[in-house]
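Below is one structure, written out as structure tokens, with a few remarks after it.
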Amino acid sequence: MATIGYNSDDEYSTITDKGDIGFVDFDKYKSAYSYNPDEESDIVVISVPFPLIEGKPKSGFVGETVVDSITIENTTNETVELWSIKIYDSKPEDSFTLSLMKPPTACSDLQYVEEFMESFSLEDRMLQPGRPLTVWLTCKPKEIGLHTSAVHFNVGDDNIERLVFVLAEDNVSQSLASSRPFHRNRKKKAPAVDAGFVGGSRPTRDSCSIFRHKLPSYSIPRDVREMMEKRKFPDVIGEGLSRDNYVAYFRTLLSIEEIKMEEDMRDYDMQFVTMKHRGQHFLSLHVPGLAERRPSLVVGDHIFAKLATAYASEIITPYQVFSVAVLALLMGCEPGSLRHGYIHRVEAEDVYLKFDKEFHDNHVGRNLYNVQFAFNRVGVRRLHQAIEATESLDGEILFPSVISSTRNIQAAVLAPRNSSMLNKEQTSAVEKILGCEGGAPYIIHGPPGTGKTRTLIEAIIQLHIMRKDARVLVCAPSNSAADHILEKLVSQQNVEVQEHEIFRLNALMRPLDDVNPSCLRFCNVEDNGFKCPLLRELRRYRIIISTYASAFLLYAQGIKRGHLSHIFLDEAGQASEPDTMIPLSHLLSKETVVVLAGDPRQLGPVVFSKDAERYGLGRSYMERLFECELFGSLNENYATRLVRSYRCHPAILKLPSEMFYGGECMSIPCKEDDETWVDLLPNKEFPLLFIGIQGCDEREGNNPSWFNRIEASKVVEIIRDLIQNKGLKEEDIGVITPYRQQALKIRRALIQSFDWADIKVGSVEQFQGQERRVIIISTVRSTIQHNDFDRIHYLGFLNNPRRFNVAVTRARSLLVVIGNPHIICKDHYWNQLLWYCAENGSYKGCFLPEKVEIAQDDSEQANNWDQDQWGYVNNSDQEWGRVNNWDQDEWGQAKNWNDDGNEEKQILQPASVHYTSVPVMDEAEWSDGWK
């Protein structure tokens, strides 16, 4: 194939200096495809090459030629001079060419191939009236990603531009393409009104589920609901938090949060759906999205049903007084036809229901029903109960600033253990914990990888060895984190923890297959499910491990204050204050030692209501304690800060250490630092790599979560190289991405193409407290216009320093970031990471944006941490305490659905966990129906 270069024949001019169009967002410039010829030029009409298809760029395969024609039509009655057609710029460079002949194909004869010529510009053509000129534009992608070009047409006195987009793909990205265009039905939300119903048949409950202490209903006060509808706040909120109003303050915030969750759940409404007979006793309802927990339903949840009629547009909602996970309402029928059923089984996207006998007898397959969902109130009620019980807590637990005199802990001497390899700070913390005799909590905090959980484990083991009367409760925010603590405790060398001494307390609805078989011997399993032991059995255990939420089972079963000598709360910075009170308020005595471990600069509580978050529900109990001078000044009798990180390579840790910890975090070299991936890195001494890709944001079906097939393909490519060529194991690699749909796409590609099911792919929240040898981050976003929306709704990685901090500190030896540098650079933190890589010669991919210092938003500067409060120098004025650290788009919440715009169970589903800060907690944690 002949190509006209810089020195061609007389028919074509030499190529002039090229321009630079910079980054062009195809989603922002869609208007370029709907030009008005009358406004653009009164001389010629020029067609648009490679027009968007359903709003997306035309696709082509890497290594294959993609061709489209451009028609130039003279609209006058005279000959018009076409001075030039030039490819003003291409990204990647020289990826587009022009020709007057249609590019040859595999079927073209040899003579045609030899005569074909292409160039970057065509000049001096004459446009005859009524004789359109056809020019061919060719794209030859050499790598995946968006290819962009601007073609300029200089006609007479006019200079007309056409923007061109081609999306280069490969087999992996093509396999992940959506078969359903995105469409989200909008439903008008109606207020709650009274409605009667006919009750259904509840699943049988084991007698072990009957507890000594019942769970009250804690309905939302009517006056709070009415005030929130008027956008007013109860007086107690304006007073600020104090010991006198502690219960009223937090119960009001919980009510505000619940009102928001009621609104969000309405996005799962279903209309005109059918049910099928399943045997003699059940009807099944197909719930799209159920497999992804959109919504999240479990056995025992309620459902309400009514036949759909011509009045289906009228939505009737019953009083929100039932402890239900699902309310399905049928709309527009006569009073009394609302039917109440229960879920008896959940299979994929079908639920098996049991209503009253009359409903089953009258049901036929052609019946249509309207369904409306609500959330499970059990978890909310537990939080109310925990807050209410704080009335009995000693004042110094909730407000240590009221202490008249500070304590002086006499450090205990550790029992000798060959496996004990603690550093100076860790040893000091354990000695103080052993010497503590109750009162205000003791806090262990520090940057990622500094061994906070390891220090807790050592303290528990020391108590087990030295104090035979010790009774310890250990709580973690998720099932996986609690299981991890169990595995660490029972694997300790030189310490034999007997099965009858340690117990893993599980939510009753947690699936058995969710637990490592080797850990089941420490659980109470009966009749193919978890059961809570009787009181006399619970009292015999020396160590009990639970999640924050499931700790309520101890109180419900009858464990009294004072039974526990120590309560350890891991990842306490993730929990809202009401969450933290679940294991504390009912079980804490004056002599009980409370230990909190965590990092307030990592992910915090999950809150849906901006109002509730702003007034304190978005702040952890641990963070609030640091407002007290005793903790803020790092008094050794109240807190220990760990600064030696054993996780990250020094180059990986350097940036977050400077950003968030005043540069005081010390990295202890990892034994895994080696030359395994030398040929993957442009800079062999720098184990960070930023791969720039201009991909394409997409959504599909009725799923609001975003995905980027191009980035997903690149993730798979890197993993394939690491496993097949570098010898890594699946468990060595983790993939972090902020959107649930992207995680699903990547996981599907890994399993379908390579059967790699053991590579963890999930959100930042799923990786908190965890690490991998290699972490790959897919940032997904590739369009500018969604940046502001993401910031407002706390989506993705943008404007979220805590999420950034966690994401970039999970890797021990290699961190790879894949994303669009022109999007990611808009964020203060990611911009620094981008240029940290670029300036160390470790960037490759699409062209870089111009380096600009990105200032932090005013919202980020509202609550600065300073040295007095945290013991670190604040070098960048970050805001930490009021950020909603969860991607609600990712997990299916409706926070952004009325705009255009967590192996473990992914929670944040309305029928699942809503108040908890636990990002990967099971539905089971919140669906055990204690009445």
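Readers should treat all values here as calculations from the given coordinates under stated rules, not as data from a laboratory. Please read these numbers as outputs of a predicted model, since none were measured by experiment. Cβ: placed from backbone, ideal geometry, glycine included. Neighbour counts: every protein chain shown.
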Contour minus end-to-end for Gln128 and Val364, with contour as 0.36 nm per residue of separation and end-to-end as the Cα-Cα distance?
77.9 nm
What distance in nm separates the two pseudo spin-label positions at Glu263 and Glu81, each 7 Å out from Cα along the beta-carbon direction?
6.4 nm
Would you mind getting me the FRET efficiency between Leu535 and Arg454? Use the beta-carbon distance for r and R0 = 35 Å, nearest 0.05.
0.60
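For region 636-744, what D do you get in µm² per second when you plug the Kirkwood radius from alpha-carbon pairs into Stokes-Einstein at 20 °C and 1.002 mPa s?
Numbers: Rh = 17.0 Å.
It comes out at roughly 126 µm²/s.
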How big, in percent, is the set of alpha carbon pairs in region 30-169 lying more than 27 Å apart?
22 percent
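Could you calculate the FRET efficiency of Glu437 with Ser392 from 1/(1 + (r/R0)^6), where r is the beta carbon distance between them and R0 is 25 Å, rounded to 0.05?
Values: r = 20 Å, r/R0 = 0.79.
For R0 = 25 Å, the calculated efficiency reads 0.80.
Could you order the peptides 212-222, 501-511 from most to least packed, using the average number of other C-beta atoms within 10 Å per residue?
Details: 212-222: 13.8, 501-511: 21.8.
By packing density, highest mean first, the sequence is 501-511, 212-222.
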As a quick test, which of the pairs Lys468/Lys590; Lys214/Lys306; Lys424/Lys760; Lys230/Lys260; Lys260/Lys745 have an alpha carbon distance above 25 angstrom in this structure?
Lys214/Lys306; Lys424/Lys760; Lys260/Lys745
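Can you give the extra length, in nm with one decimal, that the chain gains between Asp223 and Asn423 once fully stretched, where that is 0.36 nm per residue apart less the Cα-Cα distance? Write out the running numbers ahead of the final one.
Details: separation 200, 0.36 × 200 = 72.00 nm, distance 5.46 nm.
Between Asp223 and Asn423, full extension yields 66.5 nm more.
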For the residue pair Gln770 and Glu717, what label-to-label distance in nm results when each label sits 7 Å from Cα along the Cα-to-beta-carbon direction?
2.6 nm
Charge tally for neighbours of Leu569 with beta carbon under 15 Å away, counting Lys, Arg as +1 and Asp, Glu as -1, is -4
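How would you classify region 708-748 from its alpha-carbon gyration tensor, with a ≥ b ≥ c the square roots of the eigenvalues: rounded for a/c under 1.5, else prolate if a/b is greater than b/c, otherwise oblate?
Values: a/c = 2.89, a/b = 1.77, b/c = 1.63.
It is prolate, given that a/c is not under 1.5 and a/b is the larger ratio.
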Surrounding charge for Phe690, neighbours by C-beta under 14 angstrom, Lys/Arg +1, Asp/Glu -1, total 0
Looks like region 80-162, by Cα gyration tensor root eigenvalues a ≥ b ≥ c and the a/c under 1.5 rounded cutoff (else prolate when a/b is bigger than b/c, oblate otherwise), is oblate
I want to check the label-to-label distance for Lys684 and Val413. Put each point 7 Å from Cα in the C-beta direction and report it in nm to one decimal.
5.2 nm
From the residues Leu508, Leu535, Ser518, which one has its Cα farthest along the dipole of region 492-539 in the positive direction, the dipole being from +1 and -1 charges on Cβ of Lys/Arg and Asp/Glu about the Cα centre?
Leu535
Charge sum, other residues only, whose C-beta stays under 11 Å from Arg641's C-beta, Lys/Arg counted +1 and Asp/Glu -1:
-2
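Say R0 is 30 Å: what FRET efficiency, to the nearest 0.05, do Asp356 and Asn528 get from their beta-carbon distance? Intermediate values should be presented prior to the final figure.
Values: r = 28 Å, r/R0 = 0.94.
Efficiency, rounded to the nearest 0.05: 0.60.
Under the 0.36 nm per residue contour assumption, what length would be gained going from the current alpha-carbon distance of His213 and Glu487 to full extension? Before the final figure, lay out the partial values.
Details: separation 274, 0.36 × 274 = 98.64 nm, distance 3.11 nm.
Contour length minus the Cα-Cα distance gives 95.5 nm.
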